[in-house]
Amino acid sequence: MQASIRLDATPPVDYLLRLGDSCLVLGQRLAEWCGHAPVLEEDIALANMALDLIGQSRALLTLAGQREGEGRGRAYDEDQLAFLREERDYRNVTLVELPRGDFAFTVLRNAMVATWLRLLWEGLAESSDVELAAIAGKAVKEARYHAEHAGDWVVRLGDGTAESHRRAAAALARVWRYVPELFEDDAVDAAAAASGLGPRASEIEPAWRAEIGALLQEATLAVPADSAFRSHGKRGVHTEHMGYLLAEMQHLQRSYPGGVW
């Protein structure tokens, strides 16, 4: 069994991991739909979006490994960071690690996360890190498509039949409690803003709430009230679902160290 790696991550590396891990874990969740989507077209669409997210994660984890290794004489690669960390070392937002749920849950989460990612990528296109800015320039186009695709489905389900509306409303109630984590600032955000690496989490909240609010209104879904509950995936505190996800995702690499296709 392959041993785990441990990072002594600086705030800039943590900033990259939060985004890279969020893309990686959501890509893993979307890949679970392969062969299970309601129609063939959506099966292909969800698989392609999973590939987009994993591609974004590869670029970000590669960059994070390089930045973490500067001055240390070594750098972790994308595979080591993706497959050989312990659960507490992942920095993804909690929303992306929740089980895939039904189709209504998936498209609603996709709409929320893709809109969040698109706004982040737009800000990161002006990053002081030229490599990160280049990654953002490509990723923003993919996130824009993901948000449009998911948004169309949210409207179709929310403003559809009584059953589709019920499922969409139930999904909304489930995901909304995890929204505040997307926009909570801490020392990592402060360091990124000060260096020009990227925007604070809170900076994109007004635009996100405006866009998602308009989408939910079109879908005849009421915006839930924020609750006092707070999730902390960005700090490495995950739900009980994360361990099962990692066990499946990491199995091959840990069982057959260094294996390649």
Mind grabbing the accessible area of F83 for me, 1.4 Å probe, Å², rounded to tens?
50 Å²
Inter-probe distance in nm under a simple model that places probes 7 Å from Cα toward Cβ, at Q66 and A170:
4.7 nm
Quote the FRET efficiency, to the nearest 0.05, computed for A210 versus T10 with a Förster distance R0 of 35 Å and r equal to the Cβ-Cβ distance.
0.55
Short version: ³J(HN,Hα) in whole Hz for each residue of the range 202-213, in order, from phi by Karplus 6.51 cos²θ - 1.76 cosθ + 1.60 (θ = phi - 60°), x for Gly and Pro, what are they?
5, 5, 9, 4, x, 5, 5, 5, 5, 5, 5, x
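Loop sites only, by DSSP: take the trypsin sites (Lys or Arg not before Pro) in the chain that have at most 15 other C-beta atoms within 10 Å and name the longest stretch containing none of them. Provide the component values of the computation, followed by the final result.
Numbers: sites that count: R6, R72, R74, R230.
Result for the longest clean stretch: 75-229.
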Per DSSP H run of at least 4 residues, take -39500 (n - 2.57); add these up for the chain, divide by its residues and hand me the 222 nm value, nearest 500 deg cm²/dmol.
-21000 deg cm²/dmol
Name the residue, out of D189, D14, D226, whose mean-square fluctuation peaks in a Gaussian network model built on the chain with Cα pairs under 10 Å.
D226
Taking 8 Å as the Cα distance limit and 6 or more residues as the minimum spacing, I'd like the relative contact order of the chain as a percentage.
25 percent
Which of E70, E122, E32 ends up with the largest GNM mean-square fluctuation for the chain, with Cα atoms connected below 10 Å?
E70
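Can you work out the accessible area per residue across the chain, with the rest of the protein chains kept in place, probe 1.4 Å, in square angstrom?
Details: 11850 Å² over 261 residues.
Accessible surface, normalised per residue, equals 45 Å².
Rounded, prolate or oblate, given the Cα gyration tensor of the range 165-261, with a/c below 1.5 counting as rounded? Before the final figure, lay out each step's value.
Numbers: a/c = 2.28, a/b = 1.33, b/c = 1.72.
Oblate is the answer for the range 165-261, as a/c is 1.5 or above yet b/c matches or exceeds a/b.
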Once both label points are put 7 Å beyond Cα along the C-beta direction, the V39-T239 separation in nm becomes 2.8 nm
Carbon and sulfur %, accessible surface of the chain computed with the full protein complex present, 1.4 Å
55 percent
Between L51 and V223, how high is the FRET efficiency from 1/(1 + (r/R0)^6) when r is the Cβ-Cβ distance and R₀ = 51 Å? Nearest 0.05.
0.95
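Computed FRET efficiency, Cβ-Cβ of Q253 and A133, R0 41 Å: what is it to the nearest 0.05? Present the calculation step by step, with values, prior to reporting the outcome.
On the way: r = 30 Å, r/R0 = 0.74.
It comes to 0.85.
The values are calculated or read from the model by the stated rules, or taken from the named source; none is laboratory data. This one's a predicted model, so the numbers in the text were calculated from it and none came from an experiment. Cβ atoms come from the backbone with ideal geometry, glycine included; neighbour counts cover every protein chain shown. These accessible areas exclude ligands, DNA and RNA; they are computed on the full protein's heavy atoms, side chains included. Shrake-Rupley method; radii C 1.70, N 1.55, O 1.52, S 1.80 Å.
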